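A.B. asks: One structure, pasted below without further comment.
Quick note: the coordinates plus some simple rules give every number you see, no bench work behind them. Because the structure is a prediction, the values reported are computed rather than measured. No Cβ is skipped: glycine too gets one built from the backbone with ideal geometry, and neighbour counts run over all protein chains shown.
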Amino acid sequence: MDEKLIKRLMTNIKCSVCGEHYDRENVRILGRYTDLWFVSVCCLSCHNQGLVAAVLKEGESIELITDLTEDEYMKFGNTATVDADDVLDVHDFLKDFDGDFARVFMEGAG
Ligand SMILES: [Zn+2]
């Protein structure tokens, strides 16, 4: 799993505002915590900016969580080290966003 793959995956996602697919040139990797990647995307069409969290596990399914707010990103970004509590937080966080991702990704796959 590397940044190229993350960028390729982001191009499967559509802008939540205008529905255009993101271009990999407008995908920026912000950071990574174990299997959780934070990505900033910018729409070429309408210039809407979005934050995406992607959970990549080798041999397992890939989950993308869109519509993060700045605050949500900062919450993760300010975490210097990842401990058991953080992992539990992420699990709770992902549970809340599962359904939303499924919809977004299905639309992206066309
Ligand atoms: Zn757009």
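A.B. asks: With N set to the residue count of the range 16-65, report its C-alpha Rg divided by 2.2 N^0.38 Å to two decimal places.
C.D. replies: 1.22
A.B. asks: Follow-up question, since we're still on this one. Under a crude label model (7 Å from the Cα following the beta-carbon direction), how far is residue 4 from residue 17 in nanometres?
C.D. replies: Distance between the two pseudo-spin positions: 3.1 nm.
A.B. asks: Taking amide H positions as placed 1.01 Å from N in the peptide plane, with prolines and chain starts having none, which residues 5 or more places from residue 48, or on another chain, fall under 5 Å of its amide H?
C.D. replies: 43
A.B. asks: What is the spin-label model distance, in nm, from residue 28 to residue 42 if the labels are put 7 Å beyond Cα along the C-beta direction?
C.D. replies: 0.6
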